[in-house]
1. How do 177, 80 rank when sorted from fewest to most other Cβ atoms within 10 Å of their own Cβ?
2. For a quick check: with amide H placed at 1.01 Å from N, whose amide H comes under 5 Å from residue 53's, ignoring anything fewer than 5 positions away on the same chain?
3. Could you calculate the contour length gain from residue 43 to residue 158, that is, 0.36 nm times the residue separation minus the distance between their Cα atoms, to one decimal place in nm?
4. Could the peptides 102-112, 136-146, 152-162 be put in order, highest first, of the mean number of other beta-carbon atoms found within 10 Å of their residues?
5. Just want to confirm a number: the relative contact order over region 37-186, from Cα pairs under 8 angstrom separated by 6+ residues, in percent.
6. From the backbone phi of region 134-151, what are the Karplus-calculated ³J(HN,Hα) couplings (6.51 cos²θ - 1.76 cosθ + 1.60, θ = phi - 60°) in whole Hz, Gly and Pro given as x?
Amino acid sequence: MKKHFKKSNIVFIIVILLLIIPQTRQLIQVWLHRGLSYINQSTIIDNDQRVKVTYNKWKLQSDNNTILDFRSTKGDVVFINFWATWCPPCIAEMPSLQALYDDYNNKVEFLFVTNDKINVVNNFKSKNGFNFKVYNPINEVPDVLATNSIPRTFIINKNHEIVVDESGALDWNSEKIRQLLDDLLIE
């Protein structure tokens, strides 16, 4: 009985130490969020509950220094992901976002939005093999898209309505999301 108790204490202490050390803590958090992302499912907002996006003067600067006026996405299917390089749930969902982007980037307008410095973002993308375009907001985000938590993801249809509004890590490369994007593209 005492040996079992000692082994349990040692395992508990090791787990606590791993969670205290920043390098291992982030890896553990990313791993846990990635696992949860496969369980969490996105919810499609019912037609009568959808909120319209106002295409105000929101401007974004890309990681290759081009300026995007949000109004230029009007009439497109738009996928917006607010994220950060230091955020474990954001990092956890990035591989699924990259896979979705690889297949839909010529059909859907992807806006990966962060407040991180572009050199930090470019290092993060290079280290992880990501090639999607990233944007920094130049001015205020439209009110209906404003968020206090990340990751936060919106999918907007061609009628300017928010069809998906999700917080937390999800598997964005799921059949459900692919089918939704296919359906929105033919509307």
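Read-outs: derived from the displayed coordinates by stated rules, not from any lab. Because the structure is a prediction, the values reported are computed rather than measured. FYI the Cβ positions are ideal-geometry reconstructions off the backbone, even for glycines, and counts take in every protein chain you see.
1. Numbers: 177 22, 80 25.
Going from least to most buried by this count: 177, 80.
2. For residue 53, the qualifying residues are 161, 162.
3. Numbers: separation 115, 0.36 × 115 = 41.40 nm, distance 1.83 nm.
Additional length available on full extension: 39.6 nm.
4. Ranking the peptides 102-112, 136-146, 152-162 by packing returns 152-162, 102-112, 136-146.
5. Working: 262 pairs, mean separation 57.1, N = 150.
Across region 37-186, relative contact order equals 38 percent.
6. After applying 6.51 cos²θ - 1.76 cosθ + 1.60, I find 10, 10, 9, x, 8, 9, 4, 6, x, 3, 5, 9, 5, 9, 10, 9, 10, x Hz.
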